[in-house]
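Take a look at the structure set out below.
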Amino acid sequence: MSEVLSKYLPEHAVQSCFELIKANSVHLKIVNERQTRHGDYRKGLSGKHEITVNANLNKYRFLITLVHEIAHLVAFEKFGRKILPHGVEWKMTFQRLMVPFIRPEIFPHSVLPLVANHFRNPTASSDTDAKLAFALKQFDERKPDIHFIHEVPSGSLFRIKNGRIFQKKGLRVKRYECVEVQTGRTFLFNANAEVEIIPG
């Protein structure tokens, strides 16, 4: 298991993650990319704790996702199944489990302060923390034709993963206002949304 984990995690996080998995009797599956989630936790019918994490995540996002899902397991076991999935009990558990990993040997200096700040009050998804999400995405393997929406020139057309085409308009507070070409409807995009620019 340690050998498998070392392919997906920062080197100095492997042993601690292995111990967390062992201590909580986790059955870990590393799976193909899912568009809607980075990972999930469920208790199987047999009573086994099953956690899945997407194989395509960079090692820092993989670590955060794995600990996020173990926090669900630990919080449910400690506080009962009636707690909210991302409620106060889960937040406290996630913070406690994550603190030992917030170290310079594990996270690069460009990410470490953002991770530390995020874990003062962790959210259901690190993607909603725009600064942290953007910093983490710098370590993704990106296709050359994929850009962040903040890199798209105003007025340009772009395509999202499902093939829908939009025109970028302007910035509204922290998100970008874009009009879907086919319907004329306006949508708001996070600055770090990944899109494909359509050449003019």
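Quick look at the values:
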quantity: Residue within region 158-165 that is more than 19 Å from the chain's Cα centre (by Cα), closer than 19 Å to Ala13 by Cβ and loosely packed, with under 11 Cβ neighbours inside 10 Å present; calculated: no
quantity: Among the residues listed as Leu5, Leu45, Leu97, Leu57, the single one being over 18 Å from the mean Cα position of the chain (by Cα) and among the aliphatic types (A, V, I, L, M); calculated: Leu45
quantity: Residue that is nearest to Gln138 (Cα to Cα) [pool: residues in region 172-185 that are surrounded by 13 or more Cβ atoms within 10 Å (Cβ to Cβ) and free of Cβ contacts under 8 Å to residues at least 24 places away in the same chain]; calculated: Arg175
quantity: Among (1) over 27 Å from Ser2 (Cα atoms); (2) modelled with pLDDT under 95, the one test that Gly44 misses; calculated: (1)
quantity: Residue list for region 9-27, restricted to those being more than 19 Å from Leu57 (Cα to Cα) and charged (D, E, K, R); calculated: Glu19, Lys22
quantity: Strands (runs of 3 or more DSSP E) enclosed by region 98-188 - at least 1 residues per element that are of a type in the set (Asp, Glu) and either out of contact with any Leu (no Cβ under 8 Å at 6 or more places or on another chain) or within 23 Å of Asn54 (Cα to Cα) (or both); calculated: 175-180
quantity: Complete set of residues in region 81-120 that are surrounded by 20 or more Cβ atoms within 10 Å (Cβ to Cβ) and among the hydroxyl-bearing types (Ser, Thr, Tyr); calculated: Thr93
quantity: Cβ-Cβ under 8 Å pairs, at least 6 apart or on other chains, region 124-149 side within 24 Å of Met92 (Cβ to Cβ), far side modelled with pLDDT of 85 or more and basic (Lys, Arg); calculated: Ser126/Arg61; Leu136/Arg61
quantity: Ala193 under 18 Å from the mean Cα position of the chain (by Cα) and surrounded by 16 or more Cβ atoms within 10 Å (Cβ to Cβ); calculated: yes
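This table checks each residue for (1) touching a Ser or Thr at 6+ places or on another chain (Cβ under 8 Å); (2) part of a loop (DSSP other than H, G, I, E, B).
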site: His27; (1), (2): no, no
site: Ile30; (1), (2): yes, no
site: Arg34; (1), (2): no, yes
site: Tyr60; (1), (2): no, no
site: Thr65; (1), (2): no, no
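The values are calculated or read from the model by the stated rules, or taken from the named source; none is laboratory data. Every value quoted in this text rests on a predicted model; they were computed, and no experiment measured them. As a convention, Cβ positions derive from the backbone with ideal geometry for all residues, glycine included, and neighbour counts pool all protein chains shown.
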